[in-house]
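J.: One structure, pasted below without further comment.
The values are calculated or read from the model by the stated rules, or taken from the named source; none is laboratory data. Everything quoted here is computed from the prediction, not taken from an experiment. Note that we place each Cβ from the backbone using ideal geometry, even for glycine, and neighbour counts take in every protein chain shown. We work out accessible area using only protein heavy atoms, side chains counted, and drop any ligands, DNA or RNA first. Shrake-Rupley method; radii C 1.70, N 1.55, O 1.52, S 1.80 Å.
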Amino acid sequence: MNRKLYGTLVFELSKKGRRGFSMPPHAAALGLDAIPAELRRDDVPVLPEVDEPTVVRHYTNMSTNNFGVDTGFYPLGSCTMKYNPKINEEMAGHPAFSSLHPMQPDSTVQGALHLYWQLQRMLSEIGGMAEFTLNPYAGAHGELTGLMVIRAYHEQRGDLRRTKVIVPDSAHGTNPASAAVAGLSVVEVKSLPDGTVDVDALRPLLDDTVAAMMMTNPNTLGIFERNIPEIARMVHEVGALLYYDGANLNPLIGKARPGDMGFDVMHVNLHKSFSTPHGGGGPGAGPVGVRAGLEHLLPNPRVVRKDDGSFAVTECHTALGRVSGTLGNFAVLQRALAYLLMLGRDGLANVGPLATLNANYIKEALRDLYLLPVEGVCKHEFVFDGLRDKTCGVTTLHVAKRLLDYGYHAPTIYFPLLFHESLMIEPTETESPETIDGFIAAMREIAQDATARPQFVKDAPYETPMAHADDTEAALHPKVTYFDI
Ligand SMILES: *Cc1c(COP(=O)(O)O)cnc(C)c1O
């Protein structure tokens, strides 16, 4: 009851004159007199006036209204809500790292540079690439960096006519966005009914004005793109490069390498494939790998191992410059290395098969009630096109809201854009059979309710602190401060 009380019913707790702090008797003790008169203001609005227990309870109760990987099953498709071993947090918070300053002399941060270098080497091995930079802050940032590498490659060869990037219609929205930010124009290539890129539709799009083709494999439908070797040959034949969006690397780790499939440049989303709890936009890291012959174009600064075995931060004059302040999102890099070392080669090679098994198990257990637009064995995720019963009027949004009542985070909805009622499910590899079966039972009950009593499903959720937020109003007029300004 308290939860609801503080979560929704009572938000304005301020009472005039109430205090949650005590000031020293003399303002001078705080040094306030030292603030020059012209920088002081008298018109500051009154902050909420509350006592200490009220403040503590307010925030503590609000924090219990959150949903996270530590509170329940989180089958958010495309986002790979990974297993996040708690030892990662211990490593990332270790004062030996967290108290370092990014500008310290190399000789005083050898351990941190070693970590960075070791992760570069491991990702190169996993991706089948020659070299990696760990500087980009996210997958989208990695895409931009990778496309800048590709542009620089063509420009340095004097090949200045290449202005286009080919992107499949199933691609994540960041692909065309990154291409546009990199100053390139986007050409879309269609997918076949089986969800893979239509090679015949691709052929006429390829010529010497194409800088690159971007692909995700398995793609956003969770389907493995079998024609990659042929696509790679076609793309290379016209002098363009093949870019791998590594957001879906998870099912391939330790099993197949983008470099071996013919990709030239790739990014990985460390926060998806190599742990780090992410949500609400961060934190992340989007390291970029390149095949041999492109290493000199990676951004500055870099970490190298010198002949004497020590590590140094260097700048390369042929590089495309900087894409981030220093060496990237260091605590995310730490978590990734801790994860890699903890699982080891065999453990890593088990991740993809388990994620794939979980996804196919859920798909097969629900496909009599939910519409499966693309048949076949999926990898780590798959997409339903809403309920099979299209007469009941219950949409994907309603299903997602009703799932919250059962204590599950909703799957990704209305992405990919290929279908009207997309419901994209991606189960984490570490979920137990009991958790997966519980989710399936909930999804089945919702589908049966949708037919038997549709209004009941449409009015959900019933158990959450807030029932129906006005999404449009929240987006148009967000209230981001305590005061109305
Ligand atoms: C998540 C995702 C991205 C973007 O990665 P961010 O780290 O969120 O910037 C790109 N492509 C695909 C397929 C993704 O799932």
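J.: Please go through the stretch 79-93 and pick out each residue that is modelled with pLDDT of 90 or more and surrounded by 13 or more Cβ atoms within 10 Å (Cβ to Cβ).
T.: Result: 85, 87, 88, 89, 91, 92.
J.: Could you tell me which residue of the stretch 1-42 is modelled with the highest pLDDT, considering only residues that are surrounded by fewer than 10 Cβ atoms within 10 Å (Cβ to Cβ), outside any loop (DSSP other than H, G, I, E, B) and under 44 Å from the mean Cα position of the chain (by Cα)?
T.: It comes out as 39.
J.: Select from the stretch 275-297 the residues that are modelled with pLDDT under 95 and more than 9 Å from the ligand (Cβ to nearest atom) and write down the one among them that is most open to solvent (accessible area, probe 1.4 Å).
T.: Here the answer is 280.
J.: Right, here's the next one. Return a yes/no flag: does the stretch 383-392 have any residue that is crowded, with 20+ Cβ neighbours inside 10 Å, under 25 Å from the mean Cα position of the chain (by Cα) and closer than 18 Å to residue 169 by Cα.
T.: Yes, some residue in the stretch 383-392 is crowded, with 20+ Cβ neighbours inside 10 Å, under 25 Å from the mean Cα position of the chain (by Cα) and closer than 18 Å to residue 169 by Cα.
J.: Report every pair of residues separated by at least 6 positions or lying on different chains whose Cβ atoms are under 6 Å apart, first residue within the stretch 243-266 and under 16 Å from residue 77 (Cβ atoms), second more than 15 Å from the ligand (Cβ to nearest atom).
T.: Every condition considered, the pairs that remain are 251/352; 251/356.
J.: Mind checking whether some residue in the stretch 200-219 is in a loop (DSSP other than H, G, I, E, B), open to solvent by less than 10 Å² (accessible area, probe 1.4 Å), under 22 Å from residue 140 (Cα atoms) and in contact with a Gly (Cβ under 8 Å, 6 or more places away or on another chain)? Quick ask: steps written out before the conclusion?
T.: Filtering the stretch 200-219 down to residues in a loop (DSSP other than H, G, I, E, B) leaves 206-209, 217-219.
With open to solvent by less than 10 Å² (accessible area, probe 1.4 Å) added as a condition, the list becomes 217-219.
Still in the list and also under 22 Å from residue 140 (Cα atoms): 217-219.
Narrowing further to those that are in contact with a Gly (Cβ under 8 Å, 6 or more places away or on another chain): 219.
Yes, some residue in the stretch 200-219 is in a loop (DSSP other than H, G, I, E, B), open to solvent by less than 10 Å² (accessible area, probe 1.4 Å), under 22 Å from residue 140 (Cα atoms) and in contact with a Gly (Cβ under 8 Å, 6 or more places away or on another chain).
J.: Could you grab me the full set of residues in the stretch 375-405 that are among the acidic types (Asp, Glu) and at pLDDT below 95?
T.: Residue satisfying the conditions is 375 alone.
J.: Follow-up. From the residues in the stretch 298-316 that are touching a helix residue (DSSP H, G or I) at 6+ places or on another chain (Cβ under 9 Å) and assigned to a loop (DSSP other than H, G, I, E, B), which one is nearest to the ligand (Cβ to nearest atom)?
T.: 299
J.: Still on this structure: Only residues in the stretch 365-387 that are in contact (Cβ under 8 Å) with a residue 12 or more places away in the chain and within 17 Å of residue 418 (Cα to Cα) count as the first member; pair them with residues that are aromatic (Phe, Trp, Tyr) and assigned to a loop (DSSP other than H, G, I, E, B), Cβ under 6 angstrom, at least 6 apart or cross-chain, and list the lot.
T.: Listed pairs, sorted by first residue: 373/419; 385/419.
J.: From the residues in the stretch 63-78 that are buried (at least 18 other Cβ atoms within 10 Å of the Cβ) and among the aromatic types (Phe, Trp, Tyr), which one is nearest to residue 175 (Cα to Cα)?
T.: Going through the qualifying residues, I end up with 74.
J.: Out of the residues in the stretch 136-179 that are near the ligand (Cβ under 10 Å from one of its atoms) and assigned to a loop (DSSP other than H, G, I, E, B), state the one that is farthest from the chain's Cα centre (by Cα).
T.: The qualifying residue farthest from the chain's Cα centre (by Cα) is 170.
J.: Further question: Would you point out the residue of the stretch 442-467, among those that are part of a loop (DSSP other than H, G, I, E, B) and free of Cβ contacts under 8 Å to residues at least 60 places away in the same chain, that is farthest from the chain's Cα centre (by Cα)?
T.: Looking at residues that are part of a loop (DSSP other than H, G, I, E, B) and free of Cβ contacts under 8 Å to residues at least 60 places away in the same chain, I get 453.
J.: Now, a different point. Which ones in the stretch 373-410 are over 22 Å from residue 459 (Cα atoms) and in a loop (DSSP other than H, G, I, E, B)?
T.: Those that are over 22 Å from residue 459 (Cα atoms) and in a loop (DSSP other than H, G, I, E, B): 373, 374, 375, 376, 377, 378, 379, 380, 381.
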